[in-house]
Amino acid sequence: MAINVFQGFRTTLLCASVALAYSGAVYAEAQVQNVKLNDVTVFIRGAELFNSGKVTLPAGESEVIFTNIASGLNEQSLMLDADNGVVVQSSSVRRDFLTENVSPEVDRLTKQIEAEVREQNKLNVQREVIQAQLSVLESNKSLGGEKDGTSVEQINQMLELVSKRMSDALLADIDIKEKIAVIDKNIEKLNSQLNEAQEKTGQAVNQVVVKFYTPKAVTSDVKLSYVIRDAGWVPTYDVRVDNINQPVKLSYKANVFQNSGINWDKVNLTLSSGNPSEGAQAPRLNPWYIDLPKNYAMSKSAKQSAPMPVAAPAADMIVGEVNDYAVAGVELEKVAREAANEKRAKSKSLSEYVVTDVGGVNTRFSISLPYNIAADGKGHSVLIKEADVQGEYRYVVVPKIEQDAFLQVQLKDWENLNLLPGKSSIFFEGSFVGQGYINTKNAKETLDLSLGRDKKIIINRENDKQMTAKSEFFGNSVSQQYSYVMDVKNTRKEPIKLVVLDQVPMSRDSAITVDGLKYDGASYNKDTGEVQWTLDLTPNQAQKLSLSYTVKYPKDQRVTGL
């Protein structure tokens, strides 16, 4: 009986060994195929990578290991397709710890640094030889005095020889030290370039292992796509105005960034306004219960039924406008366009390379020009479109706060541009004015953009002393009249539209009244207290505006806010 058990154990062990050997052989014979990245759809946060490859498969089951796969991929998004009747049986993702991807640039810089270090070592050896020579020459200075019978002439000749050789050695040492200093700077510069090149060099850290089945030996084209999280794009704009009688030249750009572990070399980009990380499931409301306070602590279930605290959204710095100051937000590093094909045909406009698709729930910009986007996490500028946009120009001034006029343009039909909120760089009459922010969320019929200050529009607001009366007492009340005069002048060579804004105080207490309003030629909003003049000024035309009102309040009270 014991012998039978032993024989059974030996048979089982033998079968297991054969199985392990067979599985190892299958794994060892698995093909390793490097896929090519062709197209990338970049979302506001995340990207979908579309790859292709070709495999030659024997009849039956085969295993293929696909490399050049980005890191941080969402395994649930992995899609595989093979033609010629090949069936994809299974797929899995694993880390690739062995593959080292060194770019030619990194290899070149490394060799240059090694050559500089070798030259530096040679120069250091020469310095050591010179130092030894100087030591010998220094010891020979007193040689003549130690030997009897040496004449003064011989001593002088020897000292002169020693002095000359020491001088030559010291000069040679200085020259070598200067060469070493130059090499030090070269090595420092090359190390900096190497660090940057290593950042750009993607390391493929993932593999996709796929098991195929085919009834006969065949060659199949394989398509492989997946979504990654470490990528995205940020809308940016260039707003250029050459003259207030011409359309706005709007350049719509994207700062594309990615840190996926692989470089995107000569890929076709599609920019999407979608964001897969936000999820596709609509939220659902649960019953919201309220109750009177109890004498005991709130139960756990009651806490769960209460609405979760929600952080208040950050306040927009400006709504539907662009201001000529920098807007707080994500700061990207220096942005430079890196088109893969720098010799673009000038006979074709950009619109021939960009297709805008507004179907579905997201806007997509398909750019057929190939681009290189390094896996360095930095922003790379991609031009989406350029357009001449019609708009109405006007100057806006609020002299109570600041006596500078700001040029604004009200863009029409801006909805057709498919703009997203983003940072803008503003240029007026060939000069950079500043940075602003385009916010389309609350824009209505027109999208108002600010183009900066114009010193050629002169405004001066002063207190009209002749009309401003001293406080007058009527029984238990005090009456105070306020009067202001504003002088405006257009010193430009073309006519302009100028909007002047001022305001009248509004009372929150029935004991305080504001009346006697005078604002000739202006409109008054009683809900906000805003007074607005809209003027059409010809070149060098000047105009005077006035505003006055009277405030009455109890004499035993002090009014705040005036």
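The values are calculated or read from the model by the stated rules, or taken from the named source; none is laboratory data. Everything numeric here is computed off the predicted structure, so don't read it as measured data. Virtual Cβ from ideal backbone geometry, glycine too; neighbours counted across all protein chains shown.
Return the residue satisfying two criteria in turn: it lies in the range 402-455 and is closer than 21 Å to K385 by Cα and basic (K, R), and of such residues it is surrounded by the most Cβ atoms within 10 Å (Cβ to Cβ).
Among those residues, the one meeting the criterion is K423.
Might you let me know whether the range 70-84 holds any residue that is crowded, with 16+ Cβ neighbours inside 10 Å, part of a strand (DSSP E or B) and touching a Gly at 6+ places or on another chain (Cβ under 9 Å)?
no
I'd like to check something: does the range 232-251 contain any residue that is touching a strand residue (DSSP E or B) at 6+ places or on another chain (Cβ under 6 Å), touching a residue at least 12 places away in the same chain (Cβ under 8 Å) and farther than 30 Å from K412 by Cβ?
Going through the range 232-251, the residues touching a strand residue (DSSP E or B) at 6+ places or on another chain (Cβ under 6 Å) turn out to be 232-241, 244, 247-251.
With touching a residue at least 12 places away in the same chain (Cβ under 8 Å) added as a condition, the list becomes 232-241, 244, 247-251.
Those left that are additionally farther than 30 Å from K412 by Cβ: 232.
Within the range 232-251, one or more residues are touching a strand residue (DSSP E or B) at 6+ places or on another chain (Cβ under 6 Å), touching a residue at least 12 places away in the same chain (Cβ under 8 Å) and farther than 30 Å from K412 by Cβ.
Could you tell me which of the residues S477, S483 is among the small types (G, A, S) and buried (at least 17 other Cβ atoms within 10 Å of the Cβ)?
Values: S477 fails: buried (at least 17 other Cβ atoms within 10 Å of the Cβ).
Sole residue among the options that is among the small types (G, A, S) and buried (at least 17 other Cβ atoms within 10 Å of the Cβ): S483.
Considering L20, L98, L109, L14, which residue is assigned by TED's automatic domain parsing to the domain that holds L190, at pLDDT below 90 and not in a strand (DSSP E or B)? Can you show your working first?
Details: L20 fails: assigned by TED's automatic domain parsing to the domain that holds L190; L98 fails: assigned by TED's automatic domain parsing to the domain that holds L190; L14 fails: assigned by TED's automatic domain parsing to the domain that holds L190.
Unique residue meeting the criteria: L109.
Return the residues of the range 398-431 that are without any contact (Cβ under 8 Å) to a residue 40 or more places away in the chain and either of a type in the set (K, R) or not in a strand (DSSP E or B) (or both); say none if nothing qualifies. Let's see the steps before the verdict.
So in the range 398-431, the residues without any contact (Cβ under 8 Å) to a residue 40 or more places away in the chain come out as 401-402, 410, 412-416, 431.
Those that are without any contact (Cβ under 8 Å) to a residue 40 or more places away in the chain and either of a type in the set (K, R) or not in a strand (DSSP E or B) (or both): I401, K412, D413, W414, E415, N416.
Let me spell it out: the conditions are (1) aliphatic (A, V, I, L, M); (2) modelled with pLDDT under 95; (3) in the same structural domain as A542 (by TED's automatic domain parsing), and L451 meets all of them except one. Which number is the exception?
(3)
When the range 218-260 is examined, which residues are found to be crowded, with 18+ Cβ neighbours inside 10 Å and part of a loop (DSSP other than H, G, I, E, B)?
I244, N259, S260
Consider S62 carefully, then state whether it is surrounded by fewer than 18 Cβ atoms within 10 Å (Cβ to Cβ), in a strand (DSSP E or B), of a type in the set (G, A, S) and touching a strand residue (DSSP E or B) at 6+ places or on another chain (Cβ under 6 Å). Reasoning before the result, please.
Values: surrounded by fewer than 18 Cβ atoms within 10 Å (Cβ to Cβ): no; in a strand (DSSP E or B): yes; of a type in the set (G, A, S): yes; touching a strand residue (DSSP E or B) at 6+ places or on another chain (Cβ under 6 Å): yes.
No: the conditions fail for S62.
Which members of the range 261-272 meet the condition of being in a loop (DSSP other than H, G, I, E, B) and either on the phi > 0 side of the Ramachandran plot or touching a Lys or Arg at 6+ places or on another chain (Cβ under 9 Å) (or both)? Give the derivation first.
Here is the first cut: in the range 261-272, the ones in a loop (DSSP other than H, G, I, E, B) are 261-263.
Listed by number, the residues that qualify are G261, N263.
Looking at G529, G521, which is the one that is surrounded by 14 or more Cβ atoms within 10 Å (Cβ to Cβ), of a type in the set (G, A, S) and at positive phi? Break it down into steps so the answer makes sense when it comes.
Working: G521 fails: surrounded by 14 or more Cβ atoms within 10 Å (Cβ to Cβ).
Unique residue meeting the criteria: G529.
Among the hydrophobic types (A, V, I, L, M, F, W, C) and modelled with pLDDT under 90: is that true of A469 in this structure? It would help to see each step written out before you state the result.
On the way: among the hydrophobic types (A, V, I, L, M, F, W, C): yes; modelled with pLDDT under 90: yes.
Spelling it out, A469 is indeed among the hydrophobic types (A, V, I, L, M, F, W, C) and modelled with pLDDT under 90.
Determine which member of the set G53, G46 is modelled with pLDDT of 50 or more, surrounded by 18 or more Cβ atoms within 10 Å (Cβ to Cβ), of a type in the set (G, A, S) and farther than 23 Å from V87 by Cβ. Let's see the steps before the verdict.
Numbers: G53 fails: farther than 23 Å from V87 by Cβ.
The unique qualifying residue is G46.
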